[in-house]
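Below is one structure; the comments refer to it alone.
The values are calculated or read from the model by the stated rules, or taken from the named source; none is laboratory data. Here the structure is a predicted model, which is why all the values come from computation and not from measurement. For neighbour counting, all protein chains shown are included, and Cβ atoms are generated from backbone atoms with ideal geometry for every residue, glycine included. Note: areas computed on protein heavy atoms with side chains; ligands, DNA, RNA excluded. Shrake-Rupley method; radii C 1.70, N 1.55, O 1.52, S 1.80 Å.
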Amino acid sequence: MESSVTGGEDSGANISLSVKFSGRTIPITNLSPDSTIKDLKSLLQPLTNVLPRGQKLICKGKLLVDGMTLKESEVANGSRIMLMASQGLHQGDGPILKQAPTRPISRANNATTLGKEKTEVSVDKNRLDRWKATGVIGLRDYNLRAIPDEVWACGTSARVIELSNNAIPVVPAKIGCLSSLQKLFLSANDILDNSINWEALVSLKFLTVLSLDQNHLTTLPPALGLFTSLRQFHIANNKLSSLPNEIGLLTKLEVLKVNNNRISTMPTCIGDCIGLIEVDVSSNLLSELPETFGNLHNLKSLCLSNNGLKSLPSTLFKKCLQLTTLDLHNTEITMDVLRQTEGWESFDERRRLKHQKQLDFRVVNSGAFDEGADKS
């Protein structure tokens with residue numbers, strides 16, 4: 001499938017061209033001859049997930065130079081350009097055509113295995129009694145296609161449910177009967193947007209940990225803001241393009257992991273999540289972060305790798321005085337940018353002290369900042 005992008009309007013004869021990348025052709029239309037090669041790379045970034053500095057554009061056997069215009073580079077209307085991507089210099093999950101990794105679960109003889117496991121769960125009274133006694137329900141790696149009825153039978157006894165790495169497609173309204181539930185793990189299943197009963201989930205007033213990593217979610221509902229007791233929210237490796245503004249209501253949230261999605265902007269209300277200690281938004285499509293990140297005074301760890309970021313919020317180092325871990329690998333942020341950000345020196349000192357105490361030899365051996373910023 002071909003995708004197309006249009007450049008800015010310009011008087012005069014505009015240029016249309018095609019870019020070959022990873023086995024497909026990307027049409028680019030309505031470009032001014034005065035557009036630079038760097039402008040073209042910026043247009044290609046969201047279509048390919050390849051950062052501009054990781055793009056090599058070749059036309060008629062000649063490598064195109066960032067500062068030169070299309071006209072100066074002799075790129076005419078109808079030109080064909082080849083894009084070569086440098087390994088590692090991408091945002092999101094990598095080049096768009098890269099096949100997503102499969103879940104580490106065996107589907108061999110799934111029907112037979114499924115019948116066997118579900119029968120075992122349904123007849124194993126000792127297991128059910130143990131679940132009720134401990135409050136911990138462990139059903140990871142059972143190739144389940146539905147949550148067994150025995151789980152609902154635990155009622156208010158259930159405190160922790162581990163259902164990761166199955167093939168469960170639906171989270172039904174019955175989940176609401178587990179009113180004492182504190183931790184729910186549903187990673188690596190087959191859950192879709194319309195197959196979660198969010199109304200039932202938000203009724204779980206004691207829920208502190210919710211894990212929905214590696215499913216097929218493309219959006220989150222406004223009801224997310226009703227998880228007022230939530231402390232950890234894991235929703236990495238889905239297909240989210242944004243987070244709802246209601247996430248700002250989660251003032252008790254301490255850990256937010258939304259890495260490996262397709263998020264292009266973070267809501268400004270993220271600054272209202274004042275309890276956040278650890279945030280991972282790596283491998284998305286972010287080009288900037290809201291200034292409200294500076295309101296996260298308890299923030300200790302911020303992972304931003306594999307995004308198109310060129311700068312950080314101006315108050316991040318100045319106000320986030322607990323911050324000691326910052327991952328900037330494969331972003332556009334350079335050491336010069338960091339040095340010009342107010343509070344950098346204090347942050348760098350905190351980072352060094354932390355890693356020295358932890359005997360992190362990788363960092364100690366290289367005393368300079370080594371969290372991914374370009375030295376140039």
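Taking all protein chains in place and a 1.4 Å probe, what share, in percent, of the accessible surface of the range 208-363 do carbon and sulfur account for?
Details: 3120 of 6390 Å².
The value for the range 208-363 is 49 percent carbon and sulfur by accessible area.
Would you please classify the overall shape of the range 113-249 from the alpha carbon gyration tensor, given that a ≥ b ≥ c denote the square roots of the eigenvalues, rounded means a/c under 1.5, and beyond that prolate means a/b larger than b/c while oblate covers the rest?
Details: a/c = 2.31, a/b = 1.45, b/c = 1.59.
Since a/c reaches 1.5 but b/c is at least a/b, the shape of the range 113-249 is classed as oblate.
In nanometres, what is the gap between the two model label sites at Trp198 and Arg24, each 7 Å from Cα along Cα-to-Cβ?
Label at Trp198, label at Arg24, 2.8 nm between them.
For Asp34 and Met335, what does the FRET efficiency come to when R0 = 30 Å and r is the distance between their Cβ atoms, rounded to the nearest 0.05?
Details: r = 32 Å, r/R0 = 1.06.
The pair Asp34/Met335 has a calculated efficiency of 0.40.
Simple spin-label model, 7 Å along Cα-to-Cβ: Thr219 to Glu342 in nm?
The answer from the label model is 3.9 nm.
Just the accessible area for Asp336, please: 1.4 Å probe, Å², rounded to the nearest 10?
Estimated to the nearest 10 Å², Asp336 gives 80 Å².
For Leu63 and Ser179, what does the FRET efficiency come to when R0 = 51 Å and r is the distance between their Cβ atoms, rounded to the nearest 0.05? Intermediate values should be presented prior to the final figure.
Details: r = 63 Å, r/R0 = 1.24.
After rounding to 0.05, the efficiency reads 0.20.
Return the FRET efficiency for the residue pair Lys354, Ser157: r is the Cβ-Cβ distance, R0 is 45 Å, and the value is rounded to the nearest 0.05.
On the way: r = 41 Å, r/R0 = 0.91.
For R0 = 45 Å, the calculated efficiency reads 0.65.
Through the Karplus equation 6.51 cos²θ - 1.76 cosθ + 1.60, θ set to phi - 60°, convert the phi angles of the range 291-297 into ³J(HN,Hα) values in whole Hz; use x for Gly and Pro.
4, 5, 4, x, 7, 8, 5
Which pairs break 31 Å Cα to Cα here: Lys183/Lys318; Lys60/Lys239; Lys56/Lys300; Lys62/Lys257; Lys183/Lys300; Lys62/Lys239? Write out the running numbers ahead of the final one.
Working: Lys183/Lys318 35 Å; Lys60/Lys239 37 Å; Lys56/Lys300 36 Å; Lys62/Lys257 42 Å; Lys183/Lys300 23 Å; Lys62/Lys239 37 Å.
Where the Cα-Cα span goes over 31 Å, the pairs concerned are Lys183/Lys318; Lys60/Lys239; Lys56/Lys300; Lys62/Lys257; Lys62/Lys239.
Multiply the residue separation of Asp149 and Ala76 by 0.36 nm, subtract the distance between their alpha-carbon atoms, and state the gained length in nm to one decimal. Kindly include the intermediate steps, with their values, before the conclusion.
Details: separation 73, 0.36 × 73 = 26.28 nm, distance 6.56 nm.
Taking 0.36 nm per residue and subtracting the Cα distance, the gain is 19.7 nm.
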